[in-house]
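Asker: Before I ask anything, here is the structure I am working with.
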Amino acid sequence: MTESPTPDNPMQTTSGDASNGQTVSYPPHDVADFSLVDEGVRRIEWAEREMPVLRLIRERFEKEQPLAGLRIGACLHVTTETANLMRTLKAGGADVTLVASNPLSTKDDVAAALVAEYGISCYAIRGEDNETYYRHLNAAADTHPHITMDDGCDLVTLLHKERPEQLAEVLAGTEETTTGVIRLKAMVNDGALAFPVVAVNEAQTKHLFDNRYGTGQSTVDGILRATNLLLAGRRCVVAGYGWVGRGIASRLSGMGARVAVVEVDPVRAIEALMDGHQVMTAGDAAQWGEIFVTATGNLNVFREEHFRVMQDGAMLANSGHFDAELELAALERLAEGHIREVRESVQEYDLGEKKLYLLAEGRLVNLGAAEGHPAAVMDMSFAGQALAAEFVARNHESLDNAVHVLPEDLDADIARLKLEARGIFIEGMTPEQIEYTNSWDQGT
Ligand SMILES: NC(=O)c1ccc[n+]([C@@H]2O[C@H](COP(=O)([O-])OP(=O)(O)OC[C@H]3O[C@@H](n4cnc5c(N)ncnc54)[C@H](O)[C@@H]3O)[C@@H](O)[C@H]2O)c1
């Protein structure tokens, strides 16, 4: 049996007895429950079956060791897919520490398996409080990473705000999500960013698929697991028609829901209209909707004035990065303490004249109430992360302290490998076509 960390001594290397009676040593960690290791391994292997591109990269990394001698501090959702990314980085020679990028998204079996089976340092406990979250984030910073790998920019922010003396040690970073990229661009505008960061989110093979199809499907999955509601005929409101919002809207509508979109950008609003959805103001949508999902990356999209006019039984969910899209403080104020958990991941707010239901505490519903994106889509996102780590390891000296995109050829390679893994091959242009597309003198 392995030893669980104790609250008094939570982050030490612990040892366990292997089945052959030998004492094994674990890397530094803080995870919830080592009795979940076997389940974690099974689920990580299950996800791996859907991640052929990452597997190919891992096999190449094992031979070429592009990350040898580098410490990587990763702050990502601790899921089965992330575990396969961590294995890939380790295979490439990196010394990896993984911490949670959200208190509710950690899968405890995965965290335990990473430590006990794969020898990867991990600090993550599902439901951890804010203090533990930041203690874990600091544990990643304590390893003095050469490369940061963020989902939401928390590790980069911590280093810049609280550990400026460490900034010179960081060669570069990578960032997974839209909200993180927005924070990084704000740092560049302030002249604050101290090392280059590759915005993996900006790769076509990331946001076109992960944000749209991954979040689209898994958000609906989270809503259904939490509520078991019938979607057919239901009036659903999606706030934000970016890559995430359009994925959610299309999946909800595919299940027979009636969808209204709330947007602030007129171009995106007209896209929503022509995709067949209704477009409304937040005020009108608040009165119309039965299920609300936010995916804007913005603040207080639905707030007190909207909660006041919503119908009895309205469900509130968020799939944007931070739990700031629903004005939770207002919801609490209106309920005057009459809040109770009525199902796992569903809190009832009794406002007297009506009840409103909050899913997954207003945090990412697809990770809080379901398993996050399916592995097949994370295969491409995390292939991008692995290749971005290799890219910055090789090229950090020539990159300025700005937000960079993954080179187009790497993006295209990921897409090509993904197609080939499905047994699908595409056309190449003929020499005549190449010449034609490169010429300017052949017209009508
Ligand atoms: N749940 C997940 O697993 C997951 C996955 C990927 C991205 N994300 C997060 O989802 C959020 C959206 O990402 P994206 O890639 O779709 O971004 P995006 O920039 O493509 O889209 C955001 C959209 O929200 C709109 N918007 C902004 N403020 C608004 C407001 N007050 N009301 C209505 N609309 C508003 C913008 O005009 C834009 O069209 C980000 O926080 C991102 O980090 C979550």
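Asker: Give the shape of the chain as rounded, prolate or oblate, defined through the alpha-carbon gyration tensor: a ≥ b ≥ c are the square roots of its eigenvalues, a/c under 1.5 means rounded, and otherwise the shape is prolate if a/b is larger than b/c and oblate if not.
Answerer: Note, shape of the chain comes out oblate.
Asker: Just to check I understand the Karplus step: with θ = phi - 60° and J = 6.51 cos²θ - 1.76 cosθ + 1.60, what whole-Hz values come out for the stretch 135-142, glycine and proline as x?
Answerer: Karplus values, whole Hz, x for Gly and Pro: 5, 5, 4, 5, 5, 5, 5, 4.
Asker: Here is a follow-up. State the answer as a single residue: which of PHE382, LEU67, ALA141 lies farthest towards the positive end of the charge dipole of the chain, with beta carbon charges of +1 for Lys and Arg and -1 for Asp and Glu, about the Cα centre.
Answerer: PHE382
Asker: Label-point separation (nm) for LYS161 and MET429, each offset 7 Å from Cα along Cα-to-Cβ?
Answerer: So the label points at LYS161 and MET429 sit 4.8 nm apart.
Asker: Lys/Arg Cβ at +1, Asp/Glu Cβ at -1, dipole of the stretch 75-155 taken about the Cα centre: which of ASN102, TYR118, ASN130 is farthest positive-ward?
Answerer: Toward the positive end, the furthest listed residue is TYR118.
Asker: Okay, next question. Please report the carbon-and-sulfur percent of the accessible area for the chain; probe 1.4 Å, protein heavy atoms only, DNA, RNA and ligands left out. Before the final figure, lay out the partial values.
Answerer: Values: 9570 of 19860 Å².
The C+S portion of the solvent-accessible surface of the chain is 48 percent.
Asker: List the aspartates and glutamates whose Cα lies under 20 Å from the Cα of LYS354, skipping any in the same chain that are fewer than 8 positions away.
Answerer: Leaving aside aspartates and glutamates fewer than 8 places away in the same chain, those within reach of LYS354 are ASP284, GLU290, GLU304, GLU305, ASP312, GLU327, GLU332, GLU336, GLU341.
Asker: Considering only THR219, HIS77, PHE322, whose Cα is most displaced toward the positive end of the charge dipole of the chain, charges sitting on Cβ of Lys, Arg (+1) and Asp, Glu (-1)?
Answerer: THR219
Asker: Can you tell me what share of the DSSP beta bridges in the chain is antiparallel? A percent to the nearest 5 is fine.
Answerer: Antiparallel bridges make up about 25 percent of those DSSP assigns within the chain.
Asker: Here's something else I'd like to know. Roughly what would the spin-label model give for ALA412 and ARG135, points 7 Å off Cα along C-beta, in nm?
Answerer: A separation of 5.0 nm, rounded to one decimal place.
Asker: With label points built 7 Å along Cα→Cβ from the Cα atoms of LEU419 and ASP142, find their separation and express it in nm.
Answerer: 4.8
Asker: Report the gain in length on full extension from GLN442 to ARG343: 0.36 nm times residue separation, minus Cα-Cα distance, nm rounded to one decimal.
Answerer: 29.0 nm
Asker: Same structure again: For n ≥ 4 DSSP H runs only, could you compute -39500 (n - 2.57) per run for the chain, divide by its residues and tell me the 222 nm figure to the nearest 500?
Answerer: Numbers: 17 runs with 183 residues, N = 444.
So the helix-based figure for the chain works out to -12500 deg cm²/dmol.
Asker: Where the centroid of each part is defined by its Cα atoms, how far is the stretch 350-415 from the stretch 141-210 in Å?
Answerer: 13
Asker: In what sequence, highest mean first, do 174-182, 217-225, 303-311 appear when ranked by Cβ atoms within 10 angstrom?
Answerer: Numbers: 174-182: 25.0, 217-225: 23.1, 303-311: 16.7.
Ranked from most to least packed, the peptides come out as 174-182, 217-225, 303-311.
Asker: Right, something else. In sequence order, what are the phi-derived ³J(HN,Hα) couplings for the stretch 410-424 according to the Karplus relation 6.51 cos²θ - 1.76 cosθ + 1.60 with θ = phi - 60°, rounded to whole Hz, with x for glycine and proline?
Answerer: Result, rounded to whole Hz: 5, 4, 5, 4, 4, 5, 5, 4, 5, 5, 5, 5, 8, x, 10.
Asker: Could you tell me what % of all Cα pairs in the stretch 290-398 have separations over 22 Å?
Answerer: On the way: 2523 of 5886 pairs.
Counting pairs separated by more than 22 Å, the tail of P(r) holds 43 percent.
Asker: Roughly how many debye, to the nearest 20, is the charge dipole of the chain about its Cα centre, given +1 on each Lys and Arg Cβ, -1 on each Asp and Glu Cβ, and no other charges?
Answerer: Roughly 760 debye for the chain.
Asker: Averaged per residue, what accessible area in Å² does the stretch 189-337 show with a 1.4 Å probe, protein chains only? Walk me through the numbers before you get to the answer.
Answerer: Details: 6130 Å² over 149 residues.
Per-residue value: 41 Å².
Asker: Arrange the residues SER253, SER345, SER381, SER25 by how much accessible surface each exposes, largest first, with a 1.4 angstrom probe.
Answerer: Putting SER253, SER345, SER381, SER25 in descending order of accessible area: SER25, SER253, SER345, SER381.
Asker: I've got another one for you. For SER121, SER439, give the ranking by accessible area with the largest first, probe 1.4 Å.
Answerer: I get SER439, SER121, largest accessible area first.
Asker: Something else about it: List the lysines whose alpha-carbon lies under 24 Å from that of LYS185, not counting same-chain residues fewer than 8 positions away?
Answerer: Once the sequence-local lysines are set aside, what remains near LYS185 is LYS161, LYS206.
The values are calculated or read from the model by the stated rules, or taken from the named source; none is laboratory data. Note that the structure is a prediction, hence the values are computed from the model and not measured. Note: ideal-geometry Cβ built from the backbone for every residue, glycine included; neighbour counts use all protein chains shown. In case anyone asks, the SASA skips ligands and DNA or RNA and just uses the protein heavy atoms, side chains included. Shrake-Rupley method; radii C 1.70, N 1.55, O 1.52, S 1.80 Å.
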